[in-house]
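Taken together, the values in this text are just the output of simple stated rules run on the coordinates, not laboratory data. Bear in mind the structure is a predicted one, so any value in this text is a computation, not a measurement. Note that we place each Cβ from the backbone using ideal geometry, even for glycine, and neighbour counts take in every protein chain shown.
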Amino acid sequence: MTPSEVPVIEPVRPSLLRERRSVEPTTATELFFDLVFIFSIIQLAHYLIAHPDWRGVVRTALLLALVWFVWVYTAWVTNWLSPDQGPVRAMLIAVMLGSLLLSAAIPEAFATSGLLFAVVYVAVQMGRTVFSLWAVRGVASLTDGFQKTLPWFTGASVLVVLGGLAGDGTREVLWAAAIVIDVIGLSTGYPVPGLGRTRPERWGVEGGHLAMRCQGFILIALGESILVTGTTLAQRLDTVTSGAFLLAFAGSVALWWVYFARSAPAATDVIARAGERTGALSRVAFNYLHPVMVAGIIVTAAGDERLLREPGAQASTVTALFTLGGPALFLAGHAAYKAVLWRVRPSSRITAVVVLLALIPACVGLGVPAAACAAMAVAVTVGVIMTDRFRVARPS
């Protein structure tokens, strides 16, 4: 027997395992779990709004990555375990509580709440992994995977805690290193000396369920962007601000349309039918590419907030970067998503990203109003939607 092979034995707790009946629907327990992350995304958007500089962008990206790891790894666990079974439900509620504390610590995560953020993050990640090892005992492939994941999570956790103890500057470096370790571990199958690595084709992933879970998170992020702009509108309800709100709302609808009109149901089907490629596809599509799209929505929400506050003011560099760069980031993530799943070149999205990035210096240099920048962003995104519709309607 090679180090990567494990004996086949019967599950010790079969009732905790999730059934495999085509595409597994998202349960009420999972939806309840997701509610906490509405607060998380709002906190991240507000952090970026409050820190509109390069350091604020880097810190927001680090916090988003860590929050995303908490959510996406829990989604993977509920892909294997039944969320409606008592022990699994109790674990999810505990992770919800930890995630709520994690989100509450975001505003001061690089100040006074750094250690709290780090300790809660580690408790959630390690606690969920240890529970999963207990729950899947006897399922050879899953036990093997979690056993090899645990040392990597432990190493990353040490860096996160050290970052929580460190001062300004060092904290960013240590948390970035922890994120890199996590990405390398997942990309290489969490190799452990003497045990080998866990192979994606043995993960037993129900890809359609993961696709639907990530679609739900995109909805959470889009809902957050509407909440941010709606809150700003409520503070200053007049004709000009209402017009700016309509632009921001149109931008959110356009991003929703790009993702959900055709790609979302088709992606669910592609992942569900991927066979042995499901694990490898899911790793890239959900762990790596979806947070890029979520980041684009958060940046867009920050731009919308600035738009509503001063719609007629000349677009500053920050305003242009947020207003045009946010949709560009979302479309770049979605372009990569389509390329990975369908093995195509998403030329309309690539073109849109180039146009949006080119408009940033143009808008700043020409002193274009913030509202005009937002209108351009909406127009470019709508152009992607219309291109998609034309390609579908065009006879083969």
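Some values worked out for this structure:
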quantity: FRET efficiency, 1/(1 + (r/R0)^6) with R0 41 Å, evaluated for Glu10 and Arg55 via beta carbons; calculated: 0.15
quantity: Extension gain, Arg391 back to Leu237 (0.36 nm per residue minus Cα-Cα distance, nm); calculated: 51.4 nm
quantity: Among Leu237, Leu222, Leu62: highest mean-square fluctuation, GNM of the chain, C-alpha pairs under 10 Å; calculated: Leu237
quantity: Potential extension, Val158-Ile93 segment - 0.36 nm per residue separation minus Cα distance; calculated: 20.9 nm
quantity: If the convex hull is drawn through the Cα atoms of the range 84-195, its volume per residue in Å³; calculated: 102 Å³
quantity: Separation of the Leu246 and Arg345 label points, Cα + 7 Å toward Cβ, nm; calculated: 4.0 nm
quantity: Coarse-grained scattering of the range 220-342 at q = 0.23 Å⁻¹, given as base-10 log I(q)/I(0) from a Debye sum over alpha-carbon atoms; calculated: -1.24
quantity: Distance from the range 323-396 to the range 122-167 (C-alpha centre basis), Å; calculated: 38 Å
quantity: Local net charge near Pro87, Cβ-Cβ under 14 Å (Lys/Arg +1, Asp/Glu -1); calculated: +4
quantity: Spacing of the two label points (7 Å from each Cα toward its C-beta) at Glu276 and Leu366, in nm; calculated: 5.4 nm
quantity: By average C-beta atoms within 10 angstrom, highest first, the peptides 167-180, 291-304, 308-321; calculated: 291-304, 308-321, 167-180
quantity: Space enclosed by the convex hull of the alpha-carbon atoms of the range 112-166, per residue, Å³; calculated: 44 Å³
quantity: 10 Å-binned pair-distance histogram of the range 238-286 (Cα, whole percent); calculated: 22, 30, 21, 15, 9, 2
quantity: Value of Rg to Rh for the chain (Rh from inverse mean 1/r over Cα pairs, i.e. Kirkwood); calculated: 0.98
quantity: Between 0 and 90°, nearest 10: helix 86-104 axis offset from the chain longest Cα axis; calculated: 40 degrees
